Amino acid sequence: MTANGDRSMVLTLSCPDQPGIVSTVSGLLYHAGCNILDAQQFDDTETGQFFMRVVFLRLAQAKSEEAIVSLIQEQSVRLAMRFVLRPSSAVKRVMLLVSKFDHCLTDLLYRWRTGELPMVVTAVVSNHSRERLASTDLGKLPFFHLPVTKDRKTEQEAGIWKLVQETKTDLVVLARYMQILSTDLSSKLSGRCINIHHSFLPGFKGAKPYHQAHERGVKVIGATAHYVTSDLDEGPIIEQDIERISHRDTPDDLVRKGRDIERRVLARAVHYHLDNRVVLNGKKTVVFTD
């Protein structure tokens, strides 16, 4: 945290596009005694929606955080605006869900331990036993084994939701959690649950997608991180990446390269969410990158 970390704030907003939005926001912050450090905006001409992210510093004589929220709320009514205002130093609470493939989990924990992903890890939850994650250093992190069977899926998801509530989790990350969330749980976690999957869907569904891709002679492989919705793997996309491959690559090469892509794509998506850089835009997202 910087010396001004406790006075720096991030405002993200969206509203119907109209003249004067930038002037209203910047003027409001000026009169509240704040100094804008960074501002990004996007006008979606297709939907008629306006999006903005502003990082600002409350100067010594600035109004209180509560007063600034009140001022923004007044303008939100006039502009039909949705907004989120958070201190830059606020750290989100994150729960990590995983199955037997732990490469994404291991990567996220490494980035967390090195300070690259500032977050509080509230729990690691798996439908497999802790022994199946032997290659991952969980340290003293709370671990919960919630096995899934056809007959107790509803009960298992109730356990996940209970943990989310008890730990006051802000974000759930499916770090290769190979279970489909129900419509009910997906709805409860709307806008705060991120999933990662290979980009072959729907062309290569089911088991061994990299082997299927190899058989078809694909020339690129990739991964997609998105918010979870009730529509399987069709939620608003946050981040994607690809890598070219050739006829020399074996199925094992594709698996190895695919894991690397999945790790970096998920890490970037989590970073953007933690840093308040993602704004939902219907079935899409607006991502204000670094």
Self-check item: Distance in nm between pseudo-label sites at Ala60 and Thr250 (7 Å out along the Cβ direction from Cα)
Solution: 6.8
Self-check item: Mean ellipticity per residue at 222 nm, deg cm²/dmol - from DSSP H runs of n ≥ 4 across the chain, formula -39500 (n - 2.57)
Solution: -9500 deg cm²/dmol
Exercise. Report, to the nearest 10°, how far helix 251-274 tilts away from the longest principal axis of the Cα atoms in the chain, using its own Cα long axis and a range of 0 to 90°.
Key: 20
Quiz prompt | Highest-MSF residue in the chain out of Asn195, Asn127, Asn35 [GNM, Cα springs under 10 Å] | solution = Asn35
Practice problem: Could you pull out every one of the lysines with an alpha carbon less than 30 Å from that of Lys168, ignoring same-chain neighbours closer than 8 positions? | Solution: Lys63, Lys92, Lys100, Lys140, Lys150, Lys153, Lys188, Lys283, Lys284
Practice problem: Once you've got the GNM for the chain with C-alpha springs shorter than 10 Å, pick whichever of Leu108, Leu59, Leu254 has the biggest mean-square fluctuation. | Solution: Leu59
Quiz item: How high is the FRET efficiency from Ala207 to Leu280, r the C-beta distance, R0 30 Å, rounded to 0.05?
Solution: 0.40
Self-check item: Debye equation applied to the C-alpha atoms of the range 138-228, log10 I(q)/I(0) at 0.12, 0.23 Å⁻¹
Solution: -0.49, -1.22
Exercise. Answer rounded, prolate or oblate for the range 1-123, using the Cα gyration tensor with square roots of eigenvalues a ≥ b ≥ c: rounded when a/c is under 1.5, else prolate when a/b is larger than b/c, else oblate.
Key: oblate
Exercise. Pop the C-beta distance of His31 and Thr289 into the FRET formula with R0 = 30 Å and round what comes out to the nearest 0.05.
Key: 0.50
Quiz prompt | Val91-Ala39 pseudo-label distance in nm [points 7 Å out on the Cα-to-Cβ vector] | solution = 3.2
Self-check item: the chain: antiparallel DSSP beta bridges as a percent of all, rounded to 5
Solution: 70
Quiz item: So what is the relative contact order of the chain, in percent, for Cα pairs below 8 Å that sit 6 or more residues apart?
Solution: 16
Quiz item: Which of Asp233, Asp275, Asp184 moves the most in a Gaussian network model of the chain with Cα springs under 10 Å?
Solution: Asp184
Quiz item: In whole Å, how far is the Cα centre of the range 218-261 from that of the range 120-140?
Solution: 24
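Read-outs throughout are calculated quantities, based only on the coordinates presented, and are distinct from any laboratory measurement. Keep in mind that what you see is a predicted model, and the values were worked out from it rather than measured. Here Cβ is always computed from backbone atoms with ideal geometry, including for glycine, and neighbour counts include all displayed protein chains.
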